[in-house]
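Engineer: Have a look at the structure that comes next, please.
The values are calculated or read from the model by the stated rules, or taken from the named source; none is laboratory data. Source: prediction; values computed, not measured. So basically every Cβ, Gly included, is an ideal-geometry build from the backbone, and we count neighbours across all protein chains shown. Quick note on the areas: whole protein, heavy atoms, side chains included, nothing else; ligands and nucleic acids left out. Shrake-Rupley method; radii C 1.70, N 1.55, O 1.52, S 1.80 Å.
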Amino acid sequence: MTDFFGGGGLISLRDHVLPGLWPLLVAFAVCALVTPLAIRLSRRTAMIAEPGGRHAHANPTPLLGGLALFAGFAAAVLIFLPQYTYTPGLLIVSGLAAGLLIVDDRRSMSPWVKLGVQVFLSLLAVVVFGIEIKFVSLPGNHLIQLGLLAVPVSMFWLLGMQNTVNFLDGVDGLAAGVIAIVAVILMLAAGTLKDIEVVKLSGALAGTCAGFLIFNFHPARIFMGDSGAHFLGIALGMISILGVAKVAVAFALAVPVIALAVPIADTAWAIFRRRRNKTSVATPDLLHLHHRLQSFGLDPRQTCYVFYSASALLGALGLTLFGHGRVLAVVVVATAALISTVAADLLQHGGWRVDAPLVRRLLGDSGSR
């Protein structure tokens, strides 16, 4: 396949990826404009996350970020995809996710009630609106129709995406930034497949995340809450399923799986850890990877940079399945620069020193004598 950065790359970029830029910009603008209103509404309705307990933030923080995220996404989808077959299903299911989970932000749902809501949203998407994985691929271009297994497999995917993003949302700006990166990667993959509808949907999701990050990056002025995390999870899950229509599922779903490999692995380990300790899977703790990175000495911004770098690097690796080899090279260089910046910042602020007498002698440092 043509690489966007070589040969006929500029033409391919213009025709197959540029259509996603306009939904991205509209979603960004709408979310950035609506988020201050969500902050005001949160304060008026007392939807505030108080510091203390497992919450590391220092000040009371508004919680209705999910509504702003949905507003940006919905505006872009309605403007650019009004006639798309799956637009009603996407907006109804993701809108219900953003609305119903506000109850969990207001007063915590029991784990079983929360799981019931997740199952309901997944069933609605798969059974009512037909957003499902219908086949899988095998080597040699063989396809296996899932038949009756399509519903449970699709539901498992959507449940997994909801919980992965929900568990990821533990540091200011982490979930929104990671999902923005994954959405851009999906946009590039869909552009290769000339699937313009999925390009636009991915752009809308990336844009609303970017607009929200203006207010959510550390120190956050608003949180997305469970409402926003479930909206992002179910929206990402549905968009990635729709991208399966024009390619073997093994390749289409490989891109978000590889890009989200770190949070997916962290989610799987959290489930295993809690079951081993005979506690509920929904029981919160401070043992997620982002918590461990902060215990190691990283601040919230540095923790985000590490996750952003991992997602971009792994996502670029996934894009090589679609012929984007040069994207990987660009991301590797950018990731190396970002990680080295974080490492240097840790060394400087942590007061760490590397004993290198030979280097000091070469520089004429009298302190080495």
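Engineer: Among Val126, Val165, Val151, Val103, which is within 20 Å of the chain's Cα centre (by Cα) and either surrounded by 18 or more Cβ atoms within 10 Å (Cβ to Cβ) or modelled with pLDDT of 90 or more (or both)?
Structural biologist: Of Val126, Val165, Val151, Val103, the one residue that is within 20 Å of the chain's Cα centre (by Cα) and either surrounded by 18 or more Cβ atoms within 10 Å (Cβ to Cβ) or modelled with pLDDT of 90 or more (or both) is Val165.
Engineer: Just give me the residues in segment 101-119 being in contact with a helix residue (DSSP H, G or I) (Cβ under 9 Å, 6 or more places away or on another chain) and not small (Gly, Ala, Ser), in sequence order.
Structural biologist: Of everything in segment 101-119, those that are in contact with a helix residue (DSSP H, G or I) (Cβ under 9 Å, 6 or more places away or on another chain) and not small (Gly, Ala, Ser) turn out to be Leu101, Ile102, Val103, Asp104, Asp105, Met109, Val113, Lys114, Leu115, Val117, Gln118, Val119.
Engineer: While we're here: Looking at (1) open to solvent by 30 Å² or more (accessible area, probe 1.4 Å); (2) modelled with pLDDT of 90 or more, which one does Gly170 not meet, given that it meets all the others?
Structural biologist: Checking Gly170 against (1) open to solvent by 30 Å² or more (accessible area, probe 1.4 Å); (2) modelled with pLDDT of 90 or more, the one that fails is (2).
Engineer: Could you tell me whether Val199 is open to solvent by less than 10 Å² (accessible area, probe 1.4 Å) and either without any contact (Cβ under 8 Å) to a residue 12 or more places away in the chain or more than 14 Å from the chain's Cα centre (by Cα) (or both)? Walk me through it before giving the result.
Structural biologist: Numbers: open to solvent by less than 10 Å² (accessible area, probe 1.4 Å): yes; either without any contact (Cβ under 8 Å) to a residue 12 or more places away in the chain or more than 14 Å from the chain's Cα centre (by Cα) (or both): yes.
Yes, satisfied.
Engineer: Restricting to segment 202-250, and then to whatever is surrounded by fewer than 24 Cβ atoms within 10 Å (Cβ to Cβ) and among the aromatic types (Phe, Trp, Tyr), can you tell me which residue is modelled with the lowest pLDDT?
Structural biologist: Taking the candidates together, the pick is Phe217.
Engineer: Scan segment 216-247 residue by residue and report those that are farther than 23 Å from Val103 by Cβ and part of a helix (DSSP H, G or I).
Structural biologist: Matches in segment 216-247: Ile239, Ser240, Ile241, Leu242, Gly243, Val244, Ala245, Lys246.
Engineer: Could you check Arg14 against (1) of a type outside the set (A, V, I, L, M); (2) modelled with pLDDT under 90; (3) under 29 Å from Asp299 (Cβ atoms) and say which number it fails?
Structural biologist: Here Arg14 meets the rest and fails (3).
Engineer: Follow-up. For Thr2, only one of the following conditions fails: (1) within 30 Å of Gly243 (Cα to Cα); (2) at pLDDT 85 or above. What is its number?
Structural biologist: (2)
Engineer: For residues that are touching a residue at least 60 places away in the same chain (Cβ under 8 Å) and open to solvent by 10 Å² or more (accessible area, probe 1.4 Å), scanning just segment 82-94, find the one that is nearest to Phe223 (Cα to Cα).
Structural biologist: Within segment 82-94, the subset touching a residue at least 60 places away in the same chain (Cβ under 8 Å) is 84, 86, 89-90, 93-94.
When the remaining residues are screened for being open to solvent by 10 Å² or more (accessible area, probe 1.4 Å), the result is 84, 86.
Working: Tyr84: 31, Tyr86: 29 Å.
In this case the residue turns out to be Tyr86.
Engineer: Hey, another quick one. Kindly list the number of the only condition in (1) open to solvent by 60 Å² or more (accessible area, probe 1.4 Å); (2) touching a helix residue (DSSP H, G or I) at 6+ places or on another chain (Cβ under 7 Å); (3) within 19 Å of Gly225 (Cα to Cα) that fails for Ala98.
Structural biologist: (1)
Engineer: When you look at Ala74, is it without any contact (Cβ under 8 Å) to a residue 60 or more places away in the chain, surrounded by 18 or more Cβ atoms within 10 Å (Cβ to Cβ) and under 19 Å from Ile179 (Cα atoms), yes or no?
Structural biologist: yes
Engineer: Out of (1) open to solvent by less than 50 Å² (accessible area, probe 1.4 Å); (2) free of Cβ contacts under 8 Å to residues at least 12 places away in the same chain; (3) hydroxyl-bearing (Ser, Thr, Tyr), what's the single condition that is false for Thr61?
Structural biologist: (2)
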